[in-house]
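Below is one structure, written out as structure tokens, with a few remarks after it.
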Amino acid sequence: MCGIIAILGKSAVATALVDALKRLEYRGYDSAGVATLEDGVLTRVRAEGKLRNLEARLAEHPLHGHVGIGHTRWATHGRPTEINAHPHATGRVAVVHNGIIENFRELRDALARDGAVFHTQTDTEVVALLVDHALERGLSPVEAVCETLPRLKGAFALAFLFAGEEDLLIGARQGAPLAIGFGDGENYLGSDALALAPFTDRIAYLEDGDWAVLSRSAVTVYDAGNREVTRPVSLIPAGTLLADKGNYSHFMAKEIHEQPEVVGRTVAHYVDLATGTVRLPEEVAIDFAAIDRLAIAACGTAYYAGIIAKYWFEQLARLPVEIDVASEFRYREPPLTGRGLALFISQSGETADTLASLRYAKAAGWPALAVVNVATSTIARESDVVAPTLAGPEIGVASTKAFTCQLAVLLALAIHAGRVRGVLSAQEEQELVDALVGVPSHMTKVLARETQVEQVARDLAKARDVLYLGRGLSYALALEGALKLKELSYIHAEGYAAGELKHGPIALIDEAMPVIVLAPRDKVFEKTVSNVQEVAARGGRIILIGDAHAAGEAGLAGETAVVMPEVHPAVVPLLYALPVQLLSYHTARVMGKDVDQPRNLAKSVTVE
Ligand code: AGP
């Protein structure tokens, strides 16, 4: 998932292109590049690795053009080298691309038969050559792009720059997101509102199949049928998008510490504090009494929030729930019959597999509810109902505050469903809402004891493999813990349902294997304690996350423990997520890893 930016400016655009790429770097940081017109000549500067390498190159080879395109890459086809870095160009056209051209081999072979010479291993180069060939045949830039787009299969957001065309940019979208920014005598294209925020607050999102022709004074949008269309312009105040680290060394650390505030804000949006009841925002109009099934699909951390939601909806509302990773849901082709609701969870709202699952459910006639953090995202725009998380921009690639805000929304929805389906009494609702409202202050207490986790992390940093165990609501948190440690420290970690231990993974247990056990005081606490005993019996190194009495009751006095406040079992995942996040953060920090931009990852996965 790459980041794209294009600017038709009134002055030199190279610096503005790079600044915009900095805000897109969470999408990929394998290489970066820009191209501008220098006296009408297409001129590129590219560099392998982080954006700072491109900045160093531009310092040596400054660009002065007033129109340009830029790209930060997450490599899909071809190694992350300078030669494979975007923009890809001929003497006539330069292009930047986010997505995958699935039929690039076929196009490549056809072009090669026509004598085309390829210099890169990328799929994108075929786009540049197809347009170039059309220009060579005398077509205008607009005609050349119009002819080329229907030949491309797969997902793509593209921006084109043409030699000699000082007042022209062309953009196209199929699957991967692309937005137009409207300026005053300037116009822009960008992968999302974050990229365009410093330039303008007037943004329009292209829909699938759209392409747009931009000059400094006009923007024309065409749909897949080449009919001229207009797309709604949203006003997005820049302040809501721009984020900085404040006095934290990493965005992830800042976002972990923002959780009491943003979870509080999210909870307040879904509950009536005066009556201690759930009061869904007007826009979240769902009649849970009118549905018999809930199907949830999501990816990564959002998928783990979905597993926890399954437990809540089934236990608190007796609503049957099926849950899938979205990349399986879309191809499993579940029979979505009867009175059902499809629920999609996503921080970015742009994850390709989750978006495709949403389209599958809608095609089957099921209403789609989305829990998203980016209100202007494609998933939000294509859903029937949007239940927003109010976490604010999440920049760190590892999802933290978006996860706990997702949990807050999902628990509020499950409590509401329990009420309207006559499963929960008013008193039970009040008890649960009180517990939910109390989470932010408990979070503050846990964050105040961060040092206890830091000590454990120093030890964990020496491990080769780590196991996470949990039961019930903590099972999905064990999976999330393992994901966080993997994606940040690159230590191999696995999360397991504690009851599954003796069916295989217990064979891994020895003195070298840290076993992190989530042991809140809930109805399966005793069962978890017996699993802990099984690990202890094999000499495993247990790290217990539980309340003050847990270690003693588990006969682990003196063992490593992260002591947590005692809370209502239903809100345990929101609170126990913090030590899980802090452990992975400090372990990676101690190991000197790039916490905010872990290798091989990107914040929003817009390709399959
Ligand atoms: C989590 O830390 C990862 N960044 C990743 O697993 C993420 O949760 C997944 O890609 C889903 O992203 P989304 O919530 O934006 O859809």
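Per residue Cα convex hull volume for the chain, in cubic angstrom?
Working: hull volume 94.7 nm³, N = 608.
For the chain, the hull spanned by Cα atoms encloses 156 Å³ per residue.
Looking at the range 278-345, the trypsin sites (Lys or Arg not before Pro) that sit in a DSSP loop and have at most 16 other Cβ atoms within 10 Å of their own Cβ are Arg279, Arg318, Arg339.
Distance from the C-alpha centroid of the range 559-579 to that of the range 1-77: 45 Å, rounded to the whole angstrom.
I need the calculated FRET efficiency for the pair Val233 and Lys50, taking r as the beta carbon distance and R₀ as 41 Å, to the nearest 0.05.
Details: r = 34 Å, r/R0 = 0.82.
Between Val233 and Lys50 the formula returns 0.75.
Of all complete DSSP H helices in the chain, those with a Cα span along the helix axis of 20 Å or greater and a mean Kyte-Doolittle hydropathy of -1.0 or more are 300-317, 401-420, 473-489, 572-590.
Assign one of three labels to the range 398-443, namely rounded, prolate or oblate, based on the Cα gyration tensor with a ≥ b ≥ c the square roots of its eigenvalues; rounded applies when a/c is under 1.5, prolate when it is not and a/b is larger than b/c, and oblate otherwise.
On the way: a/c = 5.30, a/b = 1.70, b/c = 3.12.
Because a/c hits 1.5 or more and a/b fails to exceed b/c, the range 398-443 counts as oblate.
Ordered from highest to lowest accessible area with the whole protein assembly present and a 1.4 Å probe, Lys462, Lys593, Lys50 read as Lys462, Lys593, Lys50. Seen through its C-alpha gyration tensor, with square-root eigenvalues sorted a ≥ b ≥ c, the range 241-332 comes out oblate because a/c lies at 1.5 or above while a/b is not bigger than b/c. The figure for Tyr496 is an accessible area of roughly 60 square angstrom, using a 1.4 Å probe on the protein chains alone.
Note on Tyr331 and Glu166: the extension gain reaches 54.9 nm, defined as 0.36 nm multiplied by sequence separation minus the Cα-Cα distance. Once the mean of 1/r is taken over each pair of separate Cα atoms and inverted, the range 28-67 shows a Kirkwood hydrodynamic radius of 10.4 Å. Annotation: per residue accessible area for the chain equals 36 Å², rounded to a whole number [probe 1.4 Å, protein chains only]. Averaged over residues, the count of other Cβ atoms within 10 Å places the peptides 399-410, 54-65, 2-13 in the sequence 399-410, 2-13, 54-65, highest first. Scoring 511-520, 113-122, 572-581 by mean Cβ neighbours within 10 Å over their residues and listing the highest first yields 572-581, 511-520, 113-122. Shape class for the range 195-306: oblate, because the ratio a/c of the largest to smallest gyration tensor axis (alpha-carbon atoms, square roots of eigenvalues) is 1.5 or more and b/c is at least a/b. The Cα atoms of the range 284-341 define a convex hull whose projected area, averaged across directions, is 4.2 nm².
The values are calculated or read from the model by the stated rules, or taken from the named source; none is laboratory data. All values reported here derive from a predicted model rather than from experimental measurement. Positions of Cβ are backbone-derived with ideal geometry, glycine not excepted, and every protein chain shown enters the neighbour counts. Accessible surface is based on the protein model in full, side chains and every heavy atom, while ligands, DNA and RNA are left aside. Shrake-Rupley method; radii C 1.70, N 1.55, O 1.52, S 1.80 Å.
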